[in-house]
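Here the structure is laid out as structure tokens; the discussion comes afterwards.
The values are calculated or read from the model by the stated rules, or taken from the named source; none is laboratory data. None of these values were measured; they are calculated from a predicted model. Glycine gets a Cβ as well: all are built from the backbone with ideal geometry, and neighbour counts include every protein chain shown.
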Amino acid sequence: MLPTYCPGCHAQLKVKCLKCESCQTEVSGNYELPTLALLSDNEQQFVLRFVKSSGSLKQMSSELKLSYPTVRNMLNDIISKIEGYETK
Amino acid sequence: MKRNEFLDLLINPFTRIAGWQALMSGITVFALTIYIGFNGNAYFDGIIDMHFVENAVLKYSALSGIISLITLAVVMSIACTLVTKNFRFIDILGTMTLAKAPFLILAVVSLFVKMPALEQILQNPLILFTSVSFIVMLVTSIPVIIWTIILMYNGLKVSAGIKGIQLNVVFVTTLIVAEAISKTFIFILLKP
């Protein structure tokens, strides 16, 4: 799991360096983390599952063995979180 | 099943079951409650209450139960529309119907309750506390009502996806308003 928050002060981390495993080139800079990477592991799994099920919450609820409104609430929580990141 | 999972299922089954599934299960338990309660001369004619009568009538018992349940779901849905658009009526109706399941316990207990005659109660209300079965009923009803309220609260929380103070205000207001409206409807529609 990619760390997204500073373990010392809990501020949001940024990407300083990326490395090519093939030719060892390093690209340095100060890049923002993608919004989806800021979500927790479970939330990212949820988003992946949502996309794979073509956005069908009904299908997701039967796969996860959860009720439809529970799955919809999970999605709403993720939407609120993403909106929160975007307004920062 | 782990102990915590079992407890979760007892107080909030709605994370796993809602909508039509909850409605069908709820109706089955509700019908049993009404029928057994009728045999024990008990009416479930309110949002979270029951009453004993001398001679219960099945039609009144069933209709008053249905009116109170539908009133609760409709009032709750109207209250929810004021704070969110993101819910389905079937989830509210289903979860509220299933939330009444603990009343089945009271219906069964009512079969064994021998209430003193109304005249005796009017002459001396304290006579109720000399009846062992009435005291058992009273003691049983408190946890059952608390359980039902917890289920209704969690049902609303899951169905409407609201939290915090909004949830508390909608829940408390709904219970009070729905109780008043259902009593009025029952009085108007089912008066002898």
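Here are the numbers for this structure:
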| item | result |
| --- | --- |
| Close pairs (7 angstrom Cβ cut-off, 6 or more residues apart or separate chains): within 9 Å of chain A (Cβ to nearest Cβ) in segment B:144-166, buried (at least 18 other Cβ atoms within 10 Å of the Cβ) and among the acidic types (D, E) anywhere | B:S159/B:D91 |
| Exclusive hit being outside any helix (DSSP H, G or I), at pLDDT 90 or above and of a type outside the set (G, A, S), set B:I146, B:I181, B:I162, B:I150 | B:I162 |
| Hey, B:I70 away from every other protein chain (no Cβ under 13 Å), touching a helix residue (DSSP H, G or I) at 6+ places or on another chain (Cβ under 9 Å), under 20 Å from B:S159 (Cα atoms) and without any contact (Cβ under 8 Å) to a residue 40 or more places away in the chain or not | yes |
| Out of B:F6, B:F52, B:F44, sole residue that is away from chain A (no Cβ under 14 Å), over 11 Å from B:L98 (Cβ atoms) and without any contact (Cβ under 8 Å) to a residue 12 or more places away in the chain | B:F6 |
| Search result, residues across segment A:43-59 that are touching a helix residue (DSSP H, G or I) at 6+ places or on another chain (Cβ under 8 Å) and more than 21 Å from B:N154 (Cβ to Cβ) | A:E43, A:Q44, A:F46, A:V47, A:R49, A:F50, A:S53, A:K58 |
| Scope segment A:54-81; condition hydrophobic (A, V, I, L, M, F, W, C) and either surrounded by 15 or more Cβ atoms within 10 Å (Cβ to Cβ) or closer than 20 Å to B:N12 by Cα (or both); matching residues | A:L57, A:M60, A:L64, A:L66, A:V71, A:M74, A:L75, A:I78 |
| Answer from B:S110, B:S133, B:S182, B:S141 - the residue that is away from chain A (no Cβ under 14 Å), hydroxyl-bearing (S, T, Y) and surrounded by fewer than 16 Cβ atoms within 10 Å (Cβ to Cβ) | B:S133 |
| Checklist (1) within 14 Å of B:G155 (Cβ to Cβ); (2) without any contact (Cβ under 8 Å) to a residue 12 or more places away in the chain; (3) more than 14 Å from every other protein chain (Cβ to nearest Cβ) applied to B:R16, failing item | (3) |
| From A:V27, A:V51, residue being exposed (fewer than 12 other Cβ atoms within 10 Å of the Cβ), of a type in the set (A, V, I, L, M, F, W, C) and more than 29 Å from B:G19 (Cα to Cα) | A:V27 |
| Close pairs (9 angstrom Cβ cut-off, 6 or more residues apart or separate chains): of a type in the set (F, W, Y) in segment B:122-139, part of a helix (DSSP H, G or I) anywhere | B:F129/B:I135; B:F129/B:L138; B:F134/B:L128 |
